[in-house]
Amino acid sequence: MKTAVLKSIIPGALALLLAMPAAQAQEAAAKPNVVILATGGTIAGAGASAANSATYTAAKVGIDQLIAGVPELSQLANVRGEQVMQIASESITNDNLLQLGRRVAELADSKDVDGIVITHGTDTLEETAYFLNLVEKTDKPIIVVGSMRPGTAMSADGMLNLYNAVAVAGSKEARGKGVLVTMNDEIQSGRDVSKMMNIKTEAFKSPWGPLGMVVEGKSYWFRLPAKRHTMDSEFDIKNIKSLPNVGIAYSYGNVDDTAYKALAQNGAKAIIHVGTGNGSVSSRVVPTLQELRKDGVQIIRSSHVNNGGFVLRNAEQPDDKYDWVVAHDLNPQKARILAMVALTKTQDSKELQRMFWEY
Ligand code: DAS
């Protein structure tokens with residue numbers, strides 16, 4: 001009796017109730033499926049008070065709390081999170097990079113995943129973004145995102161950065177553009193972008209400019225990446241078992257060969273020389289680099305000018321004569337990433353140089 005009465009007096013509501021799962025299912029089907037892989041960093045940081053925008057502990061807040069902190073994400077996509085690791089990114093290791101890269105590849109292969117977001121510390125965000133840009137064989141959007149202030153601070157930037165990252169990860173226009181970074185309303189190429197300032201929300205810059213912008217969840221594109229990446233890359237995370245030891249030696253006035261010798265003794269297969277100007281090498285160091293090259297260590301010249309500069313072959317150093325490689329416009333930390341990935345495929349310096357021109 002009761003059910004009959006109910007049915008007679010509130011057929012619409014009942015129908016609505018019965019239909020609700022179908023409507024929800026329909027709505028869910030209309031939205032992209034985005035997975036957020038959390039690794040730690042400031043975006044997961046916490047400070048003692050709202051006034052602590054720079055004094056805080058990174059890698060404290062878990063992915064479920066991050067997602068719950070931005071309920072608007074559910075308007076953009078069907079979002080789920082995985083806590084891959086919980087570290088400040090200055091502590092990331094090659095093994096962490098491989099672990100993250102393998103999980104990204106598994107998700108990218110899944111037909112139920114339309115886009116991937118990686119929350120990450122800002123210190124080495126640019127390295128991880130470039131690494132994934134080189135080795136992920138997918139055209140699905142992969143967005144690496146961080147924040148300059150912890151979520152506990154006034155005017156924290158992490159919520160909007162994460163919202164923008166999910167918006168871009170779920171957008172069809174972002175497909176095929178390589179790994180991207182959304183910080184401070186801009187969409188940056190994972191290859192070009194680097195952290196240029198450690199205390200401002202407008203910290204991430206690309207020497208060649210951003211690719212686009214995100215405003216209220218909509219992305220606007222102005223440029224496309226020019227270098228090889230993802231589907232067009234000859235590298236594949238599935239074929240990389242480990243990453244070789246590549247060291248970085250910083251040059252300056254009065255420099256000597258101590259750091260270069262130590263890196264080689266520690267087993268470096270390549271040394272990124274961080275030169276002055278056009279990747280210049282002090283006359284006090286040249287003989288040692290020639291010796292190391294003879295011993296099979298690859299010498300790759302980059303610059304500490306404007307976070308990478310533009311190092312040309314045979315300009316201030318006889319690279320052909322010494323059999324050295326130039327890092328082109330890559331900053332030293334990105335040159336190390338490419339050198340590691342490239343050395344998994346070749347030991348030939350001419351092949352290495354081709355890769356530095358193309359990637
Ligand atoms: N320590 C920094 C890191 O984890 C904090 C940050 O800026 O994300 O990279």
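Couple of notes before you dig in:
- In this Cβ point-charge picture (+1 for Lys and Arg, -1 for Asp and Glu), region 121-164 has a dipole of about 160 debye about its Cα centre.
- Total charge dipole magnitude, the chain, about the Cα centre, Cβ charges on Lys, Arg, Asp, Glu only, Debye to nearest 20: 420 debye
- When PHE131, PHE356, PHE310 are sorted by how many other C-beta atoms sit within 10 angstrom of their C-beta, beginning with the fewest, the order is PHE310, PHE356, PHE131.
- What the Cβ-Cβ distance of LEU224 and TRP357 gives, at R0 = 22 Å and to the nearest 0.05, is a FRET efficiency of 0.75.
- Prolate/oblate/rounded label for region 81-228 (Cα gyration tensor, a/c 1.5): rounded
- Nonlocal amide H pairs with VAL84, under 5 Å, H built at 1.01 Å: ALA38
- A straight Cα-to-Cα reach below 12 Å connects LYS241 with the aspartates and glutamates ASP95, residues fewer than 8 places away in its own chain not being considered.
- Rounded to the nearest whole Hz, the Karplus-based 3J(HN,Hα) values (6.51 cos²θ - 1.76 cosθ + 1.60, θ = phi - 60°) of region 81-87 follow the sequence x, 9, 8, 6, 7, 9, 9, with x at glycine and proline.
- Cα-projected label distance for LYS345 with SER74, points at 7 Å along beta-carbon direction, nm: 4.4 nm
- Ordered by the count of other Cβ atoms within 10 Å of each Cβ, fewest first, LYS172, LYS111, LYS227 give LYS111, LYS172, LYS227.
- Counting other Cβ atoms within 10 Å as a rough exposure proxy, the listed residues HIS328, HIS120 run HIS328, HIS120 from fewest neighbours to most.
- Only the Cβ atoms of Lys and Arg (+1) and of Asp and Glu (-1) were treated as charged; on that basis the dipole of region 43-162 about its Cα centre amounts to roughly 180 debye.
- When the square roots of the Cα gyration tensor eigenvalues are ordered a ≥ b ≥ c, the ratio a/c for the chain is 1.5 or more and a/b exceeds b/c, which makes its shape prolate.
- Rounded Å value of the spacing that divides the Cα centres of region 284-359 and region 101-141: 26 Å
- On Cα atoms only, tilt of 158-169 relative to the major axis of the chain in degrees: 90 degrees
- Dividing the summed -39500 (n - 2.57) terms of all DSSP H runs of n ≥ 4 by the residue count of the chain sets its mean residue ellipticity at 222 nm at -10000 deg cm²/dmol.
- Prolate/oblate/rounded label for region 249-359 (Cα gyration tensor, a/c 1.5): rounded
- Based on C-alpha pairs under 8 angstrom that are at least 6 apart in sequence, the chain has a relative contact order of 13 percent.
- Packing rank of 98-108, 156-166, where each peptide gets the mean count of other beta carbons within 10 Å, highest leading: 156-166, 98-108
- Distant-in-sequence amide H partners of PHE204 (H built 1.01 Å from N, under 5 Å): MET196
- Once the Cβ-Cβ distance of THR57 and ASN306 is raised to the sixth power relative to R0 = 41 Å, the FRET efficiency obtained is 0.80.
- Highest-first arrangement of 275-281, 217-223, 143-149, where packing means the average Cβ count within 10 Å: 143-149, 275-281, 217-223
- Dipole axis of the chain (+1 Lys, Arg; -1 Asp, Glu on Cβ), positive-most option in VAL168, GLN347, ALA262: VAL168
Where a number appears in this text, it was derived from the coordinates with a stated rule and is not lab data. Every value quoted in this text rests on a predicted model; they were computed, and no experiment measured them. Backbone-built Cβ (ideal geometry, glycine too); neighbour counts: all protein chains shown.
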